[in-house]
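Below is one structure, written out as structure tokens; comments come after it.
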Amino acid sequence: MELPIYQVDAFASAVFKGNPAAVCPLEEWLPDHVLQSIAAENNLPETAYYVRKGDRYDLRWFTPTVEVDLCGHATLATASVIFDVRREVSGPVVRFNSRSGLLSVERKGNLYALDFPSRPPGPWEAHPNLLAGLGAEPKSVLAADDYLCVFEREEQVRELKLDFEKLSHIDRFATIVTAPGKDCDFVSRFFAPGKGIPEDPATGRAHTSLIPYWSRRLGKTKLFGRQVSARGGEFWCEDRGERVGIAGNAVQYLEGRICFPCN
């Protein structure tokens, strides 16, 4: 069996930056264990698979160890493949059915704008492993699907001394850390070691909570954020109430074929 595969750096304007995702178009769904095995073999933060269904696409995402319910950068990467590599749609919008409901991506010049559900964080008592894993105490701890730990300065976010073993045993999917930015509205980092991703380079999912938090705090609906991982990521953000807009660039890195026996 042969499958096409593309690797795209998302939320980046050049290769070797942003967040790499693999994208695999399928004619029909393969068994889940095969999808998970391919994702493990790719060993990227996410591998996305899609199957065309009428005028939409069914979309799923896998880390090297688990299937996830929402992934921003791999959705952006998938849209870039559909729009610009395979040229499967002629209009400016592509729509996906996913475990998080209907998602869409709109092509806006050089940017791809995700329309995702908003996940506003609220006050939450920190799991004992959270602060120990961060090695620092944030100003406040909030949570939605993920922890959101708010620090006072950008340097604190950049200079964390992390214990990934402890962070892998918390009661949320992942941990987001954030602070006001020096040359942007806010900075962030994202850690999900318990799901096979010690640090994610550029995370659309995180911004479903970051955008409503910073929009309320700063009193504006349009923001620019940076993810200050080693590779970095750039996010043009919009608070739309129950939805958020998350826009970024995407750069194709490679195109190839996956070859493996059918049995």
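Read-outs throughout are calculated quantities, based only on the coordinates presented, and are distinct from any laboratory measurement. Everything numeric in this text was worked out from a predicted model, so none of it was measured. Neighbour counts are summed over all protein chains in view; Cβ atoms, including those assigned to glycine, are modelled from backbone coordinates with ideal geometry.
I'd like the orientation of helix 207-218 relative to the chain: the angle between its Cα long axis and the longest Cα principal axis, in ° from 0 to 90, rounded to 10. Between the helix axis and the principal axis of the chain, the angle is about 40 degrees.
All other residues with a Cβ under 9 Å from the Cβ of GLY18 taken together, and with Lys, Arg as +1 and Asp, Glu as -1, what is their net charge? Net charge around GLY18: 0.
Spacing of the modelled spin labels on LEU111 and ASP84, each 7 Å from Cα toward Cβ, amounts to 1.5 nm. Once the Cα atoms are used to define both axes, helix 32-42 deviates from the longest principal axis of the chain by about 70 degrees. All other residues whose Cβ lies under 15 angstrom from that of TRP124 are scored, Lys and Arg at +1 and Asp and Glu at -1, for a net of -2.
Pairs from the list LYS139/LYS161; LYS17/LYS220; LYS166/LYS195; LYS17/LYS53 with a Cα-Cα gap above 23 Å: LYS17/LYS220; LYS17/LYS53. Taking Cα centre as origin and charging only the Cβ of basic (Lys, Arg, +1) and acidic (Asp, Glu, -1) residues, the dipole magnitude of region 5-155 rounds to 520 debye.
Note on GLU152 and GLN252: with the Förster distance fixed at 30 Å, the Cβ-Cβ geometry gives a FRET efficiency of about 0.20.
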